[in-house]
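Peer 1: First the structure, then my questions, so here it is.
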Amino acid sequence: MAKQRKALITGITGQDGSYLCELLLSKNYEIYGMVRRASHVPFERIKGIVDRIHILDADLTDQTSIDDIVSSVKPDEIYNLAAQSFVPTSWNQPLLTGEVTALGVTRLLNAMRRHAPKSRFYQASSSEMFGKVLEVPQKETTPFYPRSPYGVSKVYGHYITINYRESYGLYAVSGICFNHESPRRGLEFVTRKVTHGTARIKLGLADELPMGNLKAKRDWGFAGDYVEAMWLMLQQKEPDDYVLATGEIHTVEELLKTSFAAVDLDWRKYVRVDKRFLRPAEVDLLCGDPTKAKRKLGWKPKVNFKQLIDMMVESDLEQLRKG
Ligand code: NDP
Ligand code: GDP
(Lines give C-alpha, C1' and ligand atoms only; values in the text may rest on other atoms or scores of the structure.)
(Ligands and ions follow the chains in the order given, each with its own letter.)
Protein backbone atom coordinates (compact mmCIF):
# COMPACT_ATOMS: atom_id res chain seq x y z
CA MET A 1 0.00 0.00 0.00
CA ALA A 2 1.28 3.51 -0.84
CA LYS A 3 2.51 5.61 2.09
CA GLN A 4 -0.08 8.09 3.38
CA ARG A 5 0.90 11.58 2.26
CA LYS A 6 1.05 14.50 4.68
CA ALA A 7 -0.30 17.93 3.80
CA LEU A 8 0.20 21.12 5.81
CA ILE A 9 -2.51 23.72 5.17
CA THR A 10 -2.19 27.30 6.41
CA GLY A 11 -5.52 29.17 6.49
CA ILE A 12 -7.39 25.92 7.16
CA THR A 13 -10.12 27.83 9.05
CA GLY A 14 -10.79 29.99 5.96
CA GLN A 15 -13.05 29.35 2.97
CA ASP A 16 -10.49 27.64 0.72
CA GLY A 17 -8.76 25.81 3.57
CA SER A 18 -12.01 24.07 4.49
CA TYR A 19 -12.73 22.89 0.92
CA LEU A 20 -9.12 21.82 0.35
CA CYS A 21 -9.12 19.88 3.60
CA GLU A 22 -12.25 17.96 2.55
CA LEU A 23 -10.72 17.21 -0.85
CA LEU A 24 -7.43 15.94 0.61
CA LEU A 25 -9.21 13.82 3.23
CA SER A 26 -11.16 12.19 0.38
CA LYS A 27 -7.74 11.38 -1.15
CA ASN A 28 -6.56 9.81 2.11
CA TYR A 29 -4.03 12.50 3.09
CA GLU A 30 -3.00 13.05 6.70
CA ILE A 31 -3.87 16.71 7.29
CA TYR A 32 -2.06 19.21 9.48
CA GLY A 33 -3.88 22.52 9.76
CA MET A 34 -2.05 25.60 10.97
CA VAL A 35 -4.27 27.78 13.18
CA ARG A 36 -3.45 31.08 14.86
CA ARG A 37 -4.46 31.78 18.41
CA ALA A 38 -7.89 33.38 18.91
CA SER A 39 -10.10 34.04 21.91
CA HIS A 40 -12.85 31.94 20.32
CA VAL A 41 -12.91 28.56 18.57
CA PRO A 42 -12.49 29.36 14.86
CA PHE A 43 -13.63 25.98 13.48
CA GLU A 44 -17.04 26.96 12.06
CA ARG A 45 -16.05 26.05 8.47
CA ILE A 46 -14.36 22.76 9.41
CA LYS A 47 -16.61 21.67 12.27
CA GLY A 48 -17.60 18.43 10.52
CA ILE A 49 -14.01 17.28 9.95
CA VAL A 50 -11.92 18.82 12.71
CA ASP A 51 -11.69 15.49 14.56
CA ARG A 52 -10.03 13.90 11.51
CA ILE A 53 -7.13 16.37 11.28
CA HIS A 54 -4.20 17.62 13.36
CA ILE A 55 -4.42 21.23 14.48
CA LEU A 56 -1.11 23.03 15.02
CA ASP A 57 -0.70 26.46 16.62
CA ALA A 58 1.39 28.92 14.62
CA ASP A 59 1.15 32.36 13.08
CA LEU A 60 2.48 33.58 9.74
CA THR A 61 4.04 36.56 11.53
CA ASP A 62 6.12 34.28 13.77
CA GLN A 63 9.11 32.46 12.25
CA THR A 64 9.75 30.26 15.30
CA SER A 65 6.30 28.74 15.33
CA ILE A 66 6.42 28.11 11.57
CA ASP A 67 9.86 26.44 11.83
CA ASP A 68 8.56 24.25 14.64
CA ILE A 69 5.59 22.90 12.73
CA VAL A 70 7.41 22.38 9.42
CA SER A 71 10.33 20.60 11.10
CA SER A 72 8.08 18.36 13.20
CA VAL A 73 5.61 17.41 10.42
CA LYS A 74 7.97 17.37 7.40
CA PRO A 75 4.95 17.54 5.08
CA ASP A 76 4.93 16.21 1.52
CA GLU A 77 2.81 19.17 0.43
CA ILE A 78 2.37 22.67 1.87
CA TYR A 79 -0.58 24.84 0.86
CA ASN A 80 -0.14 28.46 1.93
CA LEU A 81 -3.70 29.77 1.99
CA ALA A 82 -3.40 32.03 5.05
CA ALA A 83 -3.51 35.77 4.43
CA GLN A 84 -5.08 39.04 5.43
CA SER A 85 -7.34 38.53 2.43
CA PHE A 86 -9.81 41.45 2.37
CA VAL A 87 -8.86 44.35 0.07
CA PRO A 88 -10.49 47.25 2.04
CA THR A 89 -8.83 46.13 5.29
CA SER A 90 -5.48 46.35 3.53
CA TRP A 91 -5.78 50.16 3.38
CA ASN A 92 -6.57 50.35 7.11
CA GLN A 93 -3.88 47.82 8.05
CA PRO A 94 -1.23 48.04 5.32
CA LEU A 95 1.68 46.97 7.50
CA LEU A 96 -0.12 43.97 8.97
CA THR A 97 -1.19 42.99 5.46
CA GLY A 98 2.45 43.16 4.34
CA GLU A 99 3.63 41.15 7.35
CA VAL A 100 1.13 38.32 6.80
CA THR A 101 0.27 38.30 3.11
CA ALA A 102 3.76 39.19 1.81
CA LEU A 103 6.48 38.36 4.38
CA GLY A 104 4.54 35.37 5.71
CA VAL A 105 5.25 33.62 2.41
CA THR A 106 9.01 34.05 2.86
CA ARG A 107 8.82 32.74 6.41
CA LEU A 108 7.09 29.59 5.26
CA LEU A 109 9.41 29.11 2.26
CA ASN A 110 12.42 29.53 4.57
CA ALA A 111 11.05 26.89 6.92
CA MET A 112 10.47 24.53 4.01
CA ARG A 113 13.96 25.16 2.59
CA ARG A 114 15.58 24.40 5.94
CA HIS A 115 13.40 21.55 7.22
CA ALA A 116 11.53 19.93 4.30
CA PRO A 117 13.21 20.86 1.00
CA LYS A 118 11.59 17.92 -0.83
CA SER A 119 8.13 19.19 0.03
CA ARG A 120 5.89 20.76 -2.64
CA PHE A 121 4.64 24.30 -2.00
CA TYR A 122 1.47 26.03 -3.24
CA GLN A 123 1.15 29.82 -2.90
CA ALA A 124 -2.31 31.43 -3.09
CA SER A 125 -1.65 34.23 -5.56
CA SER A 126 -4.46 36.54 -6.64
CA SER A 127 -5.97 38.20 -9.68
CA GLU A 128 -5.79 41.41 -7.58
CA MET A 129 -2.12 41.47 -8.73
CA PHE A 130 -3.41 42.49 -12.21
CA GLY A 131 -5.30 45.45 -10.65
CA LYS A 132 -5.52 48.18 -13.28
CA VAL A 133 -5.34 45.58 -15.99
CA LEU A 134 -2.84 45.91 -18.82
CA GLU A 135 -4.46 43.19 -20.96
CA VAL A 136 -7.88 41.49 -21.29
CA PRO A 137 -8.24 38.63 -20.53
CA GLN A 138 -5.39 38.25 -18.03
CA LYS A 139 -3.03 35.30 -18.39
CA GLU A 140 0.18 34.03 -16.77
CA THR A 141 2.28 36.47 -18.84
CA THR A 142 0.16 39.60 -18.24
CA PRO A 143 2.17 42.27 -16.33
CA PHE A 144 0.97 43.17 -12.82
CA TYR A 145 -0.39 46.58 -11.72
CA PRO A 146 -1.73 46.09 -8.17
CA ARG A 147 -4.14 48.70 -6.79
CA SER A 148 -4.18 48.05 -3.03
CA PRO A 149 -1.75 47.10 -0.26
CA TYR A 150 -3.30 43.62 -0.54
CA GLY A 151 -2.52 43.42 -4.27
CA VAL A 152 1.03 44.70 -3.69
CA SER A 153 1.58 42.11 -0.93
CA LYS A 154 0.35 39.31 -3.21
CA VAL A 155 2.80 40.41 -5.94
CA TYR A 156 5.61 40.05 -3.38
CA GLY A 157 4.34 36.58 -2.35
CA HIS A 158 4.12 35.56 -5.99
CA TYR A 159 7.65 36.60 -6.90
CA ILE A 160 9.28 35.28 -3.73
CA THR A 161 7.72 31.89 -4.53
CA ILE A 162 9.19 31.98 -8.05
CA ASN A 163 12.49 33.23 -6.66
CA TYR A 164 12.81 30.37 -4.14
CA ARG A 165 11.99 27.91 -6.92
CA GLU A 166 14.70 29.37 -9.13
CA SER A 167 17.28 30.02 -6.38
CA TYR A 168 17.01 26.79 -4.42
CA GLY A 169 15.37 24.33 -6.81
CA LEU A 170 12.26 23.98 -4.62
CA TYR A 171 8.99 22.68 -6.05
CA ALA A 172 7.15 25.96 -5.31
CA VAL A 173 4.25 27.19 -7.44
CA SER A 174 1.65 29.95 -7.54
CA GLY A 175 -2.01 29.67 -8.51
CA ILE A 176 -3.21 33.06 -9.73
CA CYS A 177 -6.78 32.64 -8.56
CA PHE A 178 -9.61 34.83 -9.73
CA ASN A 179 -12.47 35.47 -7.27
CA HIS A 180 -13.99 32.24 -6.01
CA GLU A 181 -16.93 32.05 -3.70
CA SER A 182 -19.18 29.64 -1.82
CA PRO A 183 -21.67 29.50 1.03
CA ARG A 184 -18.56 29.61 3.27
CA ARG A 185 -17.27 32.92 1.87
CA GLY A 186 -16.71 35.65 4.46
CA LEU A 187 -19.73 37.95 4.91
CA GLU A 188 -17.72 41.06 3.95
CA PHE A 189 -16.99 39.93 0.37
CA VAL A 190 -19.43 41.17 -2.24
CA THR A 191 -21.03 37.86 -3.30
CA ARG A 192 -21.79 36.68 0.22
CA LYS A 193 -22.82 40.17 1.32
CA VAL A 194 -25.35 40.16 -1.54
CA THR A 195 -26.69 36.61 -1.07
CA HIS A 196 -26.91 37.02 2.71
CA GLY A 197 -28.53 40.45 2.27
CA THR A 198 -31.02 38.99 -0.23
CA ALA A 199 -31.97 36.22 2.19
CA ARG A 200 -32.39 38.69 5.09
CA ILE A 201 -34.66 40.91 3.00
CA LYS A 202 -36.67 37.92 1.77
CA LEU A 203 -37.23 36.77 5.37
CA GLY A 204 -38.20 40.28 6.54
CA LEU A 205 -35.04 40.70 8.66
CA ALA A 206 -33.83 43.77 6.70
CA ASP A 207 -35.31 46.21 4.20
CA GLU A 208 -32.28 47.58 2.36
CA LEU A 209 -28.77 46.70 1.22
CA PRO A 210 -26.08 49.42 1.11
CA MET A 211 -23.50 48.73 -1.60
CA GLY A 212 -20.37 50.20 -3.22
CA ASN A 213 -19.39 50.27 -6.91
CA LEU A 214 -22.05 48.42 -8.91
CA LYS A 215 -20.14 48.68 -12.20
CA ALA A 216 -17.12 46.57 -11.13
CA LYS A 217 -16.70 43.38 -13.19
CA ARG A 218 -15.36 40.12 -11.81
CA ASP A 219 -14.70 36.57 -12.94
CA TRP A 220 -16.51 34.63 -10.18
CA GLY A 221 -16.14 30.86 -9.74
CA PHE A 222 -16.89 28.22 -7.07
CA ALA A 223 -14.23 27.63 -4.37
CA GLY A 224 -14.80 23.85 -4.45
CA ASP A 225 -13.62 23.79 -8.08
CA TYR A 226 -10.52 25.91 -7.39
CA VAL A 227 -9.09 23.70 -4.64
CA GLU A 228 -9.00 20.80 -7.13
CA ALA A 229 -6.69 22.87 -9.33
CA MET A 230 -4.47 23.68 -6.33
CA TRP A 231 -4.01 19.97 -5.67
CA LEU A 232 -3.40 19.22 -9.37
CA MET A 233 -0.69 21.90 -9.47
CA LEU A 234 1.31 19.96 -6.87
CA GLN A 235 1.00 16.65 -8.77
CA GLN A 236 2.82 17.77 -11.96
CA LYS A 237 6.26 16.69 -13.16
CA GLU A 238 7.54 20.26 -13.29
CA PRO A 239 6.61 23.17 -11.00
CA ASP A 240 4.76 25.94 -12.83
CA ASP A 241 2.33 28.82 -12.23
CA TYR A 242 -1.25 28.89 -13.50
CA VAL A 243 -4.16 31.29 -13.87
CA LEU A 244 -7.27 29.72 -12.32
CA ALA A 245 -10.44 31.39 -13.60
CA THR A 246 -13.72 30.76 -15.39
CA GLY A 247 -13.13 33.25 -18.24
CA GLU A 248 -16.66 34.64 -17.73
CA ILE A 249 -17.37 38.07 -16.25
CA HIS A 250 -20.33 39.72 -14.59
CA THR A 251 -20.92 43.14 -13.02
CA VAL A 252 -21.88 43.64 -9.39
CA GLU A 253 -25.24 44.81 -10.77
CA GLU A 254 -25.71 41.42 -12.50
CA LEU A 255 -24.80 39.73 -9.24
CA LEU A 256 -27.55 41.69 -7.47
CA LYS A 257 -30.06 40.92 -10.20
CA THR A 258 -29.29 37.18 -10.12
CA SER A 259 -29.38 36.98 -6.33
CA PHE A 260 -32.67 38.86 -5.85
CA ALA A 261 -34.26 37.03 -8.81
CA ALA A 262 -33.55 33.75 -6.98
CA VAL A 263 -36.16 34.81 -4.39
CA ASP A 264 -38.47 36.61 -6.86
CA LEU A 265 -37.53 40.15 -5.77
CA ASP A 266 -36.42 43.19 -7.78
CA TRP A 267 -33.01 44.35 -6.48
CA ARG A 268 -33.67 48.00 -7.46
CA LYS A 269 -36.22 48.34 -4.65
CA TYR A 270 -33.70 47.49 -1.92
CA VAL A 271 -30.19 48.49 -2.98
CA ARG A 272 -28.70 51.92 -2.40
CA VAL A 273 -25.16 53.07 -3.10
CA ASP A 274 -23.30 54.04 0.06
CA LYS A 275 -20.02 55.94 -0.31
CA ARG A 276 -18.54 54.04 2.64
CA PHE A 277 -18.20 50.98 0.39
CA LEU A 278 -16.31 52.76 -2.40
CA ARG A 279 -12.54 52.17 -2.48
CA PRO A 280 -9.65 54.68 -2.71
CA ALA A 281 -8.45 52.86 -5.85
CA GLU A 282 -10.72 50.41 -7.66
CA VAL A 283 -10.05 47.33 -9.76
CA ASP A 284 -12.66 47.79 -12.49
CA LEU A 285 -12.40 44.56 -14.40
CA LEU A 286 -10.89 41.14 -13.82
CA CYS A 287 -11.28 38.42 -16.42
CA GLY A 288 -8.98 35.40 -16.43
CA ASP A 289 -7.82 33.18 -19.29
CA PRO A 290 -7.63 29.62 -17.86
CA THR A 291 -6.36 28.05 -21.14
CA LYS A 292 -3.04 26.89 -19.68
CA ALA A 293 -4.70 25.22 -16.66
CA LYS A 294 -7.18 23.50 -19.00
CA ARG A 295 -4.46 22.28 -21.35
CA LYS A 296 -1.79 21.22 -18.86
CA LEU A 297 -3.77 20.27 -15.75
CA GLY A 298 -6.95 19.12 -17.47
CA TRP A 299 -8.80 21.43 -15.04
CA LYS A 300 -12.09 23.12 -15.77
CA PRO A 301 -14.58 24.76 -13.39
CA LYS A 302 -17.88 22.85 -13.09
CA VAL A 303 -20.19 25.32 -11.34
CA ASN A 304 -21.40 28.34 -13.36
CA PHE A 305 -22.28 31.82 -12.09
CA LYS A 306 -26.04 31.31 -11.72
CA GLN A 307 -25.61 27.91 -10.04
CA LEU A 308 -23.11 29.48 -7.63
CA ILE A 309 -25.35 32.39 -6.64
CA ASP A 310 -28.43 30.16 -6.35
CA MET A 311 -26.44 27.78 -4.10
CA MET A 312 -25.34 30.68 -1.87
CA VAL A 313 -28.81 32.25 -1.58
CA GLU A 314 -30.32 28.84 -0.76
CA SER A 315 -27.72 28.22 1.94
CA ASP A 316 -28.17 31.70 3.48
CA LEU A 317 -31.96 31.25 3.57
CA GLU A 318 -31.54 27.89 5.29
CA GLN A 319 -29.06 29.21 7.87
CA LEU A 320 -31.18 32.27 8.70
CA ARG A 321 -34.34 30.17 9.03
CA LYS A 322 -32.52 27.96 11.56
CA GLY A 323 -31.68 31.16 13.48
P1 NDP B 1 -10.14 33.60 4.08
O2 NDP B 1 -10.07 35.05 4.44
O3 NDP B 1 -11.44 32.89 4.14
O4 NDP B 1 -9.10 32.78 5.02
C5 NDP B 1 -7.87 33.34 5.40
C6 NDP B 1 -7.19 32.39 6.37
O7 NDP B 1 -5.93 32.95 6.77
C8 NDP B 1 -7.99 32.15 7.67
O9 NDP B 1 -7.86 30.79 8.01
C10 NDP B 1 -7.24 33.01 8.68
O11 NDP B 1 -7.36 32.56 10.00
C12 NDP B 1 -5.80 32.83 8.18
N13 NDP B 1 -4.87 33.83 8.69
C14 NDP B 1 -4.98 35.18 8.61
N15 NDP B 1 -3.93 35.77 9.20
C16 NDP B 1 -3.13 34.78 9.67
C17 NDP B 1 -1.91 34.76 10.38
N18 NDP B 1 -1.28 35.87 10.75
N19 NDP B 1 -1.35 33.56 10.69
C20 NDP B 1 -2.00 32.41 10.33
N21 NDP B 1 -3.16 32.36 9.68
C22 NDP B 1 -3.73 33.55 9.35
O23 NDP B 1 -9.51 33.48 2.62
P24 NDP B 1 -9.89 32.46 1.41
O25 NDP B 1 -10.01 31.09 1.95
O26 NDP B 1 -10.98 33.06 0.61
O27 NDP B 1 -8.58 32.58 0.51
C28 NDP B 1 -7.47 31.71 0.69
C29 NDP B 1 -6.22 32.36 0.10
O30 NDP B 1 -6.42 32.60 -1.28
C31 NDP B 1 -5.86 33.72 0.71
O32 NDP B 1 -4.46 33.81 0.72
C33 NDP B 1 -6.46 34.72 -0.26
O34 NDP B 1 -5.79 35.96 -0.19
C35 NDP B 1 -6.22 33.99 -1.57
N36 NDP B 1 -7.12 34.32 -2.65
C37 NDP B 1 -8.47 34.16 -2.47
C38 NDP B 1 -9.34 34.43 -3.50
C39 NDP B 1 -10.81 34.24 -3.33
O40 NDP B 1 -11.56 34.68 -4.22
N41 NDP B 1 -11.29 33.59 -2.28
C42 NDP B 1 -8.85 34.90 -4.81
C43 NDP B 1 -7.41 34.96 -4.91
C44 NDP B 1 -6.59 34.68 -3.87
P45 NDP B 1 -8.59 33.01 10.96
O46 NDP B 1 -9.71 32.03 10.68
O47 NDP B 1 -8.01 32.88 12.32
O48 NDP B 1 -8.97 34.42 10.58
P1 GDP C 1 -12.06 41.64 -4.35
O2 GDP C 1 -12.15 41.51 -5.82
O3 GDP C 1 -11.04 40.73 -3.73
O4 GDP C 1 -11.90 43.04 -3.85
O5 GDP C 1 -13.45 41.04 -3.77
P6 GDP C 1 -14.77 41.74 -3.14
O7 GDP C 1 -15.81 40.69 -3.15
O8 GDP C 1 -14.46 42.39 -1.84
O9 GDP C 1 -15.14 42.91 -4.17
C10 GDP C 1 -15.42 42.65 -5.54
C11 GDP C 1 -15.88 43.94 -6.21
O12 GDP C 1 -17.18 44.30 -5.72
C13 GDP C 1 -14.97 45.17 -5.96
O14 GDP C 1 -14.78 45.84 -7.19
C15 GDP C 1 -15.80 46.05 -5.02
O16 GDP C 1 -15.55 47.44 -5.16
C17 GDP C 1 -17.21 45.71 -5.49
N18 GDP C 1 -18.22 46.02 -4.48
C19 GDP C 1 -19.32 46.81 -4.68
N20 GDP C 1 -20.01 46.94 -3.54
C21 GDP C 1 -19.34 46.22 -2.59
C22 GDP C 1 -19.59 45.99 -1.20
O23 GDP C 1 -20.54 46.47 -0.61
N24 GDP C 1 -18.69 45.17 -0.55
C25 GDP C 1 -17.60 44.62 -1.19
N26 GDP C 1 -16.77 43.82 -0.51
N27 GDP C 1 -17.36 44.85 -2.50
C28 GDP C 1 -18.21 45.64 -3.19
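Peer 1: Counting only heavy atoms of the protein chains, get the accessible area per residue of the range 17-72 (1.4 Å probe) and round it to a whole Å² value. Each step should come with its number before you reach the end.
Peer 2: On the way: 3060 Å² over 56 residues.
Spelled out: the 1.4 Å probe surface of the range 17-72, per residue, equals 55 Å².
Peer 1: Relative to the longest principal axis of the C-alpha atoms of the chain, give the angle of the C-alpha long axis of helix 104-115, reported between 0 and 90° and rounded to the nearest 10°.
Peer 2: 20 degrees
Peer 1: Nothing charged except the Cβ atoms of Lys and Arg (+1) and of Asp and Glu (-1): what's the magnitude of the dipole of the chain about its Cα centre? Round to the nearest 20 debye. Intermediate results must be reported in sequence, preceding the final value.
Peer 2: Numbers: 46 positive and 40 negative charges, 46 e Å.
Taking the Cα centre of the chain as origin, the dipole is about 220 debye.
Peer 1: Where Lys and Arg each count +1 and Asp and Glu each count -1, what net charge lies around Leu134 among other residues with Cβ under 13 Å from its Cβ? Present the calculation step by step, with values, prior to reporting the outcome.
Peer 2: Working: positive: Lys132, Lys139, Arg147; negative: Glu135, Asp284.
Spelling it out: positives minus negatives among the neighbours equals +1.
Peer 1: Kindly provide the helix-only [θ] at 222 nm of the chain, computed as the sum of -39,500 (n - 2.57) over DSSP H runs of four or more divided by all residues, to the nearest 500 deg cm²/dmol? Mind showing how you got there, number by number?
Peer 2: On the way: 10 runs with 117 residues, N = 323.
That calculation yields -11000 deg cm²/dmol at 222 nm.
Peer 1: Let me ask another. In whole angstrom, note down how far apart the Cα centers of the range 158-173 and the range 1-56 are.
Peer 2: 25 Å
Peer 1: Convert each backbone phi in the range 197-206 into a coupling constant with the Karplus relation 6.51 cos²θ - 1.76 cosθ + 1.60 (shift: θ = phi - 60°), then list the ³J(HN,Hα) values in order as whole Hz, x for Gly and Pro.
Peer 2: x, 4, 5, 4, 5, 4, 8, x, 8, 8
Peer 1: I'd like the orientation of helix 223-233 relative to the chain: the angle between its Cα long axis and the longest Cα principal axis, in ° from 0 to 90, rounded to 10.
Peer 2: 20 degrees
Peer 1: Could you list which residues have their amide H under 5 Å from that of Lys6, counting only those 5 or more apart in sequence or on another chain, with H placed in the peptide plane?
Peer 2: The answer is Glu30, Asp76, Glu77.
Peer 1: Taking the 0 to 90 degree range and rounding to the nearest ten, how far is the long axis of helix 63-73 tilted relative to the main principal axis of the chain, both from C-alpha atoms?
Peer 2: 70 degrees
Peer 1: Rolling a 1.4 Å sphere over the protein heavy atoms, what is the accessible area per residue of the range 246-320, to the nearest Å²? Don't skip to the answer; put the middle values down first.
Peer 2: Numbers: 4250 Å² over 75 residues.
Normalised by residue count, the accessible surface of the range 246-320 is 57 Å².
Peer 1: Determine ³J(HN,Hα), in whole Hz, for all residues of the range 314-323 in sequence, where each value follows from phi through the Karplus function 6.51 cos²θ - 1.76 cosθ + 1.60 and θ = phi - 60°; x replaces Gly and Pro.
Peer 2: So the Karplus estimates, Gly and Pro as x, are 4, 5, 5, 4, 4, 4, 5, 5, 5, x Hz.
Peer 1: Now for a different question. For the range 218-244 and the range 256-323, what is the separation of their C-alpha centers, rounded to whole Å?
Peer 2: What the calculation gives is 20 Å, centre to centre.
Peer 1: Can you send over the carbon and sulfur percentage of the accessible area for the chain, probe radius 1.4 Å, protein chains only? It would help to have the intermediate numbers written out before the result.
Peer 2: Details: 7410 of 14910 Å².
Percent of accessible area from carbon and sulfur atoms in the chain: 50.
The values are calculated or read from the model by the stated rules, or taken from the named source; none is laboratory data. All values reported here derive from a predicted model rather than from experimental measurement. Backbone-built Cβ (ideal geometry, glycine too); neighbour counts: all protein chains shown. Only protein heavy atoms, including side chains, enter the accessible area calculation; ligands, DNA and RNA are left aside. Shrake-Rupley method; radii C 1.70, N 1.55, O 1.52, S 1.80 Å.
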